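One structure is given below, encoded as structure tokens.
The values are calculated or read from the model by the stated rules, or taken from the named source; none is laboratory data. As the structure is a computational prediction, the values presented were derived from the model and not from experiment. Every residue, glycine as well, gets a Cβ built from its backbone with ideal geometry; the counts of neighbours run over all protein chains shown.
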Amino acid sequence: MTSTVLRGGTLVSDQGRQRADLLCTDGRIAAVGPSLDVPAGTEVIDVGGCFVMPGGIDPHTHMQLEMMGTVVADTFLTGTAAAAAGGTTTILDFVGPEAGQSPLDALDVWRARAAPSVIDYGFHMTVSWWSPAFSDAMASLVAEHGVTSFKFFLAYKGRLMLPDADLIAGFRRCRDLGALVQVHAENGELIAYLQDELRAEGITGPAAHPRSRPPLLEGEATLRAIAMAETVGAAIYVVHVSAAEAAQAVRDARARGSRVVGETLPGFLAIDDSVYASPDFDFAAGHVMSPPYRPKGHPEAIWRAIDDDTLSTTGTDHCCFTRAQKRLGVDDYTKIPNGCGGVEDRLAVLWHLGVNSGRLTPERFVALTSTNAAKAFNLHPRKGSLAIGADADIVVLDPDKTRTLSAKTQRQNTDFSVWEGMEVKGVVVHTLSRGRHVYADGDLRAEAGWGRYVPRKPFGPVYEGRI
Ligand SMILES: [Zn+2]
């Protein structure tokens, strides 16, 4: 039996907080209370003055993904180590079958790639092509393999985008299987149209990226996806909401009782599209992701959507590339690999921007970084909770410490950070993964292969994950 006790901290759940010790035994939370008696040999971690919270759940990562002629710079090993250093103890990554490849075969590939992970992980399945065979395989994915969420693309014409008829069929299939629909919502036809126009004008630099994907196109696609899901009776989760128009579509749907959950990323709360106007290609390209950072005003609209509970989860869309990789698009912005890092920074940035400013309570921070994702994806109460019996996935944050975020010091496997030079107050000082002390104040003690695959159960006829 191995035990660890966290002494003297403030325990925070999404519901409230208390001063108490927390005892972990054999990977689970075993006791909570003041001045706990603990077995001989228990590791004692003094966490006085710190907040003790459920470990972060990042429901949106892409490790080791082959994309746009290259491969994401973080493997599951390096990416999950960076996550652990940042207080995240579970990731949900996306399996991406090639066109025509069986999703079951693709899952095998991802299971093998993810085996060295240092924290727990689960999978969503990207519906990258559609046919009766894919539809058949979904039943086995849900019932036998614990993959209960499926991501559909309304963008990336000619690659991942599916026509509405296939989306409707796929959403119905999710409904029938008790699975959750996820959507990347941008209008791919209009993006292709705008890209052609910009090309005809000879505009090829990163400044064209946001011009080719304006906010209205995200708003339209978000409303269309919700309309399809609502009509067929499927629950829907909108990933990386970045635009005011998209947030409004989610808000309206939730107001009429539709089963919709909206996710955003910390970057959409703080960064605007002025980054793409930089004459420094590496800087501008380093911010190229889809959807792009939005014009001024949108970050505040996304904050308001968090305030009024329109948006209830945060991910990172961690999909990082080096400067050299981004230069694949030096002559053509459409060839810049799309994606930014962030799996290591999400908690620090959200605490700094949200809790320090008074915009988020610590309880809401826990909801946004952990508990709500656990509920949305059927991991709760095993994950996202400090209740007795839950997995001992824990983050300890010292609210008085400061740290400067930089590509030079990050563990993410890239030489770029969208948070370069930002000083954050509130630093993750300990991370426990199923009771194992994997990060201790700068000392990363992660062990390759410690992370386990977390299969998830389907939802019942009523989606309980609406949060
Ligand atoms: Zn993504």
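Of all residues in the stretch 186-212, those that are closer than 19 Å to Pro163 by Cα and touching an Asp or Glu at 6+ places or on another chain (Cβ under 6 Å) total 2. Contact annotation: residue pairs with Cβ atoms under 8 Å, 6 or more positions apart or on different chains, pairing a residue in the stretch 390-417 that is in the same structural domain as Gly435 (by TED's automatic domain parsing) and free of Cβ contacts under 8 Å to residues at least 40 places away in the same chain with a partner that is among the small types (Gly, Ala, Ser) and surrounded by fewer than 19 Cβ atoms within 10 Å (Cβ to Cβ), are Thr404/Gly421; Ser406/Gly421. Restricted to the stretch 5-103, the set of strands (runs of 3 or more DSSP E) holding at least 2 residues that are under 21 Å from the mean Cα position of the chain (by Cα) and either under 22 Å from Ala446 (Cα atoms) or more than 16 Å from the ligand (Cβ to nearest atom) (or both) comprises 51-54, 56-61, 88-95. Between a first residue in the stretch 141-155 that is free of Cβ contacts under 8 Å to residues at least 40 places away in the same chain and a second residue that is assigned to a strand (DSSP E or B) and surrounded by fewer than 23 Cβ atoms within 10 Å (Cβ to Cβ), which pairs have beta carbons less than 8 Å apart while being 6 or more apart in sequence or on different chains? Sorted first by the residue in the stretch 141-155, then by its partner, the pairs are Phe150/Thr126; Phe153/Thr126; Phe153/Met161. The residue list Val355, Val349 contains one member that is in contact (Cβ under 8 Å) with a residue 24 or more places away in the chain, β-branched (Val, Ile, Thr) and within 30 Å of Thr70 (Cα to Cα), which is Val349. With respect to (1) farther than 15 Å from Ser312 by Cβ; (2) hydrophobic (A, V, I, L, M, F, W, C); (3) touching a helix residue (DSSP H, G or I) at 6+ places or on another chain (Cβ under 7 Å), the lone exception for Met289 is condition (3). Looking at Ser370, Ser385, which is the one that is part of a helix (DSSP H, G or I), of a type in the set (Ser, Thr, Tyr) and crowded, with 21+ Cβ neighbours inside 10 Å? Only one candidate passes the filter, namely Ser370.
What about Arg403, is it over 22 Å from the mean Cα position of the chain (by Cα) and farther than 16 Å from Asp120 by Cα?
The answer is yes for Arg403.
Annotation: Pro116 fulfils all but one of (1) out of contact with any strand residue (DSSP E or B) (no Cβ under 7 Å at 6 or more places or on another chain); (2) part of a helix (DSSP H, G or I); the unmet one is (2). Annotation: Ala106 fulfils all but one of (1) without any contact (Cβ under 8 Å) to a residue 40 or more places away in the chain; (2) surrounded by fewer than 16 Cβ atoms within 10 Å (Cβ to Cβ); (3) closer than 23 Å to Ala448 by Cα; the unmet one is (2).
Yes or no, residue by residue, for (1) touching a Cys at 6+ places or on another chain (Cβ under 8 Å); (2) closer than 30 Å to Asp14 by Cα:
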| residue | (1), (2) |
| --- | --- |
| Gly297 | no, yes |
| Thr313 | no, yes |
| Cys319 | yes, yes |
| Asn338 | yes, no |
| Gly341 | yes, yes |
| Asp345 | no, yes |
| Gly354 | no, yes |
| Pro362 | no, yes |
| Leu379 | no, yes |
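Just one residue in the set Ser312, Ser278, Ser290 is within 16 Å of the ligand (Cβ to nearest atom) and in the same structural domain as Ser370 (by TED's automatic domain parsing); that residue is Ser290.
Being more than 16 Å from the ligand (Cβ to nearest atom) and either among the hydroxyl-bearing types (Ser, Thr, Tyr) or outside the structural domain of Glu363 (by TED's automatic domain parsing) (or both) is true of Thr322.
Looking across the stretch 325-335 at every residue that is over 14 Å from Thr414 (Cβ atoms) and out of contact with any strand residue (DSSP E or B) (no Cβ under 7 Å at 6 or more places or on another chain), the one that is farthest from the ligand (Cβ to nearest atom) is identified as Asp331.
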